Amino acid sequence: MEPRNFDGDADRPRSAGAKQTGRVLVIGPYLRVRAGSSDAQSESYVLRDAEARLDEAAGLARAIDLVVADAIIAPISQIRPATYIGKGKVEEIAGLIKSLEVELVVMDCALAPIQQRNLEKELHAKVLDRTGLILEIFGRRAKTREGSLQVELAHLNYQRSRLVRSWTHLERQRGGFGFMGGPGETQIEADRRLIQERISKLESELKKVQATRRLHRAGRQRVPYRVVALVGYTNAGKSTLFNRLTRADVQAADMLFATLDPTLRALTLPHGGKAMLSDTVGFISNLPTQLVAAFRATLEEVLEADVILHVRDISHEDAEAQQSDVDAVLRQLGINPDDSGRIIEVWNKIDRYDAEQREELLNIAARRPEDHPAMLVSAATGEGIDALLAAIEERLAAKRTTLDLSIDAADGAGISWLHRNAEVLAKELHDGRFDMTVRVDETKRDIVVSRFDAVPHLSAT
């Protein structure tokens, strides 16, 4: 469906016929902001094309099986405190709702509780803003116990701010002791108290889950496996790349937020070394702050990762804006997106280019600074995967020291310690002694040098 610009004189759509369950009208109430204006909310806000933003909002609605009856752009010059959009546009949208016979209106913006309530009264339809829609998707996608807890926590924090006086039952109730009773508490206050109690319980349960995750992470840190994390805009192809790199079968679909719960699998490097690859939830523009906070435990895999692969759908028309959105979330997590020693940019979906376009893309990548390379790959076809694996191995090796040592074959405890705490690259038995080449973290380098009289390897891989 082609998005239409709805600026007062747009043609009315034809009647959609019989009413269907889950029919939705998607509205893009986008501010008219000039690039460079101080009113711009973010760099990506200016970069992102209005039709691409609306198409993404419609994709979010379809991700929870809603039928998009129409998707329109409603440009506004300023945000109205009462209804976000102007009175005239509210009336026109109300007419669209009646002719299309929709049940739900999705506003691709963040609505204040009072704005949402006023729009529902004026439009006579349920209204959902961008934050509420993303929360609904996350609620559908969460499969693990941790994911479900995080989604519910984020949803309750969102719902708590939506308790406004819009129904007659939210009147003062009787309460207190005695025959007549005291002033009691309002229904709103009772609802808020119940929500707060549930939030406290969820936070307590999540702390237990986080403690378990920390134990698992500590267990991995006792073995010589490093962690590589995938991050990127939703639908950039992270799960497809994850499956290609690890030969796993994680769900991968052409759908926003197809993957929600984090997954860890072993990654085999070109020279036989091992690492742990982590697939995480996709990012999106204007990601609700409730979700960033709630999913911080899940995203700890990214915080602790030795190497981060920023996967980009380089074929997308809004690729630059999507990169800016991901960088913003990484900064929220305390990660510097310009850390070239830790982050590798992966340009995915190059199979969508013809030979001439691909050559142009290769030239663009070649002109990038040496410390900020871009790896061109196709997760779907496997093109460029070997080069990407080599780059991952090189980054991991740069953070470790390669040492040579000789150890008595009878020193079983020492050999066992090395296998647990270092990556054994070579091991040969000569005259009752093992000549070994190992790679260790800087934190363990001094221990290996002092305990095993190790020396730097002259030709480290």
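We did not get these values from a lab; they are worked out from the coordinates using the rules stated. If you're wondering where the values come from, they're calculated on a predicted model, not measured in any experiment. Every residue, glycine among them, receives a Cβ derived from its backbone with ideal geometry; neighbour counts consider all protein chains shown.
Remarks
- Taking only the C-alpha atoms of region 386-445, Rg followed by Dmax gives 13.3, 41 Å.
- Computed from the C-beta positions of K207 and L31, the FRET efficiency with R₀ = 35 Å rounds to 0.30.
- DSSP-loop chymotrypsin sites (Phe, Trp or Tyr not before Pro) across region 364-461, with at most 12 other Cβ within 10 angstrom: none
- Eligible lysines near K121 by straight Cα distance, threshold 25 Å, same-chain separation 8 or greater: K19, K87, K89, K98
- Global geometry of region 263-391, whether rounded, prolate or oblate, following the gyration tensor of its Cα atoms and the 1.5 cut on a/c: oblate
- Taking the Cα atoms of region 322-461, the ratio Rg/Rh between the radius of gyration and the Kirkwood radius comes to 1.13.
- Couplings 3J(HN,Hα) of region 68-85, computed from phi: 7, 6, 6, 9, 10, 9, 10, x, 10, 8, 7, 7, 8, x, 7, 10, 6, 10 Hz, in residue order, whole Hz [Karplus 6.51 cos²θ - 1.76 cosθ + 1.60, θ = phi - 60°; x for Gly and Pro].
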